[in-house]
Amino acid sequence: MNLRLSLERAWYRPMSWALLLLPLSWLFRAVSSGRRFYYRRIKPPYPLPIPVIVVGNISVGGTGKTPLLAALVVIFQAQGYRPGIISRGYGGSATHYPQQVTDTSTADNVGDEPLLLSSLCPVVVDPDRYRAARYLLEKTGCNLIFSDDGLQHYRLPRNIEIVVMDGERGTGNGHCLPAGPLREPLSRLQTADFVVVNETVTSLTIPHQGAFKLSPVHFRHLITGESVGVGNWSLGRKVHAVAGIGNPARFAHTLTSLGFDPILHPLPDHHRFTDEELCFEDNLPVIITAKDAVKCAAGCGDNVWVLDVQAEPDPPFIERLMRDVRSLAEAANTTP
């Protein structure tokens, strides 16, 4: 675990030991490009009868993709669409696929992000996203499919690609895995329909078609579900911030911006928590993310709180996306 976190930190330094892995990055890039060429030119996938929107990224973790996807689902539901979500189910250990996420599903089985998103609309997990999409069509009445990640899953046909970028961390050293954080080279952005940046102010020089920000909503008690407004917190400003997400530092920065003095405990993305990891001898309040909360039970007492956030996409991006989806829906005769 420490090696993984050390490697991730090295990706965001101009010169680091991670550059010793460049030969492996060149191999990774060649394999990735070969797969994309195969499915685009030699064996393109059969199209699906309803619009498919892939919300993914070209870098590893920490872009705010999941909150943005949740916001898009709610926005399209308000316009009368019936969206469904497909996901690989990363971090889950299900033994049969495809599998629809239900009230009895657990993060250990289907993954943390699918479980979090299942409160909004139907979610189906399957490493084969095309099979997941077919299952979603057969079992639900959805007329719009969002793929949670899957930008590099070229077996899945798609109508719109949304690439989510971290405006604060950027693209690191600009190299592909494992020497850098990129899943595909930066040139891949030129073929996406939307590049959306997570940050109101960004240092990224990459052209983008939209932006969004993550806004804290409230603190929620892990056991009781009691909600406390971010401005009504009265349990002290010194807190433990425990985060098993792609960019734990962003979580700590959010708490700092709210006036807290967080002690950050970073863990790898999709980390499986134990109760002991939420226990501290000083008994200070412990604050975790909503993504981590679905993997935690009672914790170790009554001092564990969840910071719920929501993504707020800028209107021009939503207007253009809505227009594109409406055109696709009309062509497929699936307009709500």
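Observations on the structure shown:
- Restricting segment 19-40 to residues that are of a type in the set (Phe, Trp, Tyr) and open to solvent by 70 Å² or more (accessible area, probe 1.4 Å), the residue that is farthest from Leu182 (Cα to Cα): Tyr38
- Residue check for Ala10: within 23 Å of the chain's Cα centre (by Cα) and assigned to a helix (DSSP H, G or I): yes
- Residue tally, condition within 22 Å of Ser6 (Cα to Cα) and more than 24 Å from the chain's Cα centre (by Cα), over segment 264-298: 0
- A residue that is in contact with a helix residue (DSSP H, G or I) (Cβ under 8 Å, 6 or more places away or on another chain) and more than 18 Å from Leu69 (Cα to Cα) cannot be found anywhere in segment 309-323.
- Selection of first residues in segment 316-336 that are closer than 16 Å to Val74 by Cβ and in contact (Cβ under 8 Å) with a residue 40 or more places away in the chain and of second residues that are open to solvent by 30 Å² or more (accessible area, probe 1.4 Å) and small (Gly, Ala, Ser), restricted to Cβ pairs under 6 Å at least 6 apart or on distinct chains, gives the following pairs, ordered by first then second residue: Pro336/Gly80.
- The one condition in (1) among the small types (Gly, Ala, Ser); (2) open to solvent by 10 Å² or more (accessible area, probe 1.4 Å); (3) not in a loop (DSSP other than H, G, I, E, B) that Ser147 fails to fulfil: (2)
- Summed over segment 245-276, residues that are surrounded by fewer than 19 Cβ atoms within 10 Å (Cβ to Cβ), among the polar types (S, T, N, Q) and either assigned to a loop (DSSP other than H, G, I, E, B) or out of contact with any strand residue (DSSP E or B) (no Cβ under 7 Å at 6 or more places or on another chain) (or both) total 2.
- Highlighted here are the strands (runs of 3 or more DSSP E) found entirely within segment 153-230 that include at least 3 residues which are open to solvent by 20 Å² or more (accessible area, probe 1.4 Å) and modelled with pLDDT of 95 or more: 210-221, 227-229.
- In segment 292-336, residue farthest from Asp282 (Cα to Cα) [restricted to those that are of a type in the set (Gly, Ala, Ser) and surrounded by fewer than 17 Cβ atoms within 10 Å (Cβ to Cβ)]: Ala331
- Residue in segment 120-135 that is hydroxyl-bearing (Ser, Thr, Tyr), assigned to a helix (DSSP H, G or I) and farther than 28 Å from Asp314 by Cβ present: yes
- Hey, Gly141 crowded, with 21+ Cβ neighbours inside 10 Å, assigned to a loop (DSSP other than H, G, I, E, B), on the phi < 0 side of the Ramachandran plot and over 18 Å from the mean Cα position of the chain (by Cα) or not: no
- Being small (Gly, Ala, Ser), closer than 17 Å to Asn247 by Cα and in contact with an Asp or Glu (Cβ under 8 Å, 6 or more places away or on another chain) holds for only one residue in Gly172, Gly167, and it is Gly167.
- Looking at Ser105, Ser16, Ser118, just one residue is open to solvent by less than 60 Å² (accessible area, probe 1.4 Å) and out of contact with any helix residue (DSSP H, G or I) (no Cβ under 7 Å at 6 or more places or on another chain), and that residue is Ser118.
- Among the residues of segment 77-102, those identified as open to solvent by 40 Å² or more (accessible area, probe 1.4 Å) and either within 30 Å of Glu330 (Cβ to Cβ) or among the acidic types (Asp, Glu) (or both) are Gln77, Ala78, Gln79, Arg82, Gln100.
- Neighbours by Cβ (under 7 Å, 6+ apart or cross-chain): first from segment 206-226, farther than 17 Å from Val304 by Cβ; second surrounded by fewer than 14 Cβ atoms within 10 Å (Cβ to Cβ) and at pLDDT below 90: Ala211/Thr200; Lys213/Thr200
- Every pair of residues 6+ apart whose Cβ atoms lie under 9 Å, when the first sits in segment 157-186 and is among the hydroxyl-bearing types (Ser, Thr, Tyr) while the second is open to solvent by 10 Å² or more (accessible area, probe 1.4 Å): Thr171/Leu186; Thr171/Leu204; Thr171/Ile206
The values are calculated or read from the model by the stated rules, or taken from the named source; none is laboratory data. Only a predicted model underlies this, so the values are computations on that prediction, with no experimental measurement involved. Cβ: placed from backbone, ideal geometry, glycine included. Neighbour counts: every protein chain shown. Please note that ligands, DNA and RNA were not included when accessible areas were found on the heavy atoms of the full protein model with its side chains. Shrake-Rupley method; radii C 1.70, N 1.55, O 1.52, S 1.80 Å.
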